[in-house]
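J.: Okay, handing you the structure first.
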Amino acid sequence: QSGGQVDAVTRFTYFVADRTLGPLLHRPWKPEPHEVRSQMKTADLFAACAEKSDERYFYSGLAEGADGRIHPDLRQLAESFVAAVAAGSEGASEDAKATAHVWLSCASTGASTHYDMGHNLVVQVYGSKTFDLLSPSRLLQLALPPTGHPYARQALYGANDEEFQSFVLESGHSLYVPPFWAHRTASGSDGPSMSVNIFVGSGAEEVAQQLLGLPLPFENDWPDETMRGAVALFLATFLAQAGVIIEALAARWRLVEFAESLPVQGELCSFNMTSSRAEVIQS
């Protein structure tokens, strides 16, 4: 990716346009002026970083071999991390598997504030990188679009610099980032950065996946008024038992701008029951 910003730190925001809510939104959620480049040699990336132009590059990808397995250089680290997470108090998901990623970036470049649901172990390989962390208690105050949004799990605004706890990683340093700790990154100003990380799924992540496939107790032929009442009662009961703060949930959904054609003003969207799970559909 490249961006035309020349600020002290250029931070990139990930977006996935084809997520569930993407086609239904009023405006195209695209992080300008970022440009995605699907093909670029590593040597060309570092050469571009060395030029120190107004373009900055940020790359992440799976650290896997041609066989689809974690690269041998990281396999032992991944296995050790899985074992450590399984023995910890928060624990891993029952079928937790490790995934390894490599991260490359130009000087003063990084990722915007976001949180991950899994356990994260970062190892700095070359250069330096700063991790700014926010406690999970601050998530309710961040502007975090909901699951299904192209910017899901990424804070659009809401955090002040003084609220972050900063950790500077030099070559050979490592950092553990627990689930739900919001963080942003920035490589050092003196040159490019290369790091690797291991993700291991958490118990909370496993529950979230189960909820996405939860069958809903509604019938497709119910009248609209009955459907609205049933959905409202179901959501109120479910969220209360889950300990979800309604105000926080509403604040996240205010960040979603549906197209005007969708009946979202005081009405519930339609539901498709044919696959035993709810889907927002255009009416």
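J.: Kindly provide the chymotrypsin sites (Phe, Trp or Tyr not before Pro) of the stretch 204-243 that DSSP labels as loop, not H, G, I, E or B, and whose Cβ sees at most 15 other Cβ atoms within 10 Å.
T.: Phe218
J.: A further question follows. Ranked highest first by average number of other Cβ atoms within 10 Å, how do 158-167, 108-117 line up?
T.: Working: 158-167: 12.4, 108-117: 21.1.
Per-residue Cβ counts within 10 Å, averaged per peptide and sorted highest first, yield 108-117, 158-167.
J.: Here's a follow-up. So what's the stretch 88-161 giving for Cα Rg divided by 2.2 N^0.38 Å, two decimals? Could you put the intermediate results ahead of the total?
T.: Numbers: Rg = 14.5 Å, N = 74, 2.2 N^0.38 = 11.3 Å.
Rounded to two decimals, the normalised Rg is 1.29.
J.: Related question: Which length gain, in nm to one decimal place, applies between Val244 and Leu216 when the Cα-Cα distance is subtracted from 0.36 nm times their residue separation?
T.: Details: separation 28, 0.36 × 28 = 10.08 nm, distance 1.86 nm.
Gain in length upon complete extension: 8.2 nm.
J.: Can I ask one more? Hey, quick one: spin label on Asp95, modelled 7 Å out along Cα-Cβ, who in the stretch 189-215 has an amide N within reach, i.e. under 18 Å?
T.: Under cut-off, by backbone N: 200-215.
J.: Treat each spin label as a single point 7 Å out from the Cα along the C-beta direction, and report the Glu170 to Ser137 distance in nm.
T.: 3.2 nm
J.: Spelling out what I want: for every residue of the stretch 72-83, take phi, set θ = phi - 60°, compute 6.51 cos²θ - 1.76 cosθ + 1.60 (Karplus), and round to whole Hz; glycine and proline get x.
T.: Once rounded to whole Hz, the list reads x, 5, 10, 4, 5, 4, 5, 5, 5, 5, 4, 5.
J.: Under the Karplus relation 6.51 cos²θ - 1.76 cosθ + 1.60, θ = phi - 60°, what is the ordered set of whole-Hz ³J(HN,Hα) values for the stretch 98-111, x standing for Gly and Pro?
T.: Result, rounded to whole Hz: 8, 10, 10, 10, 10, 10, 10, 7, 6, 4, 6, 9, x, 9.
All of the numbers you see were taken from the coordinates with simple rules; none came from a lab. All values reported here derive from a predicted model rather than from experimental measurement. In this analysis, Cβ positions are derived from the backbone assuming ideal geometry, glycine residues included, and neighbour counts consider all displayed protein chains.
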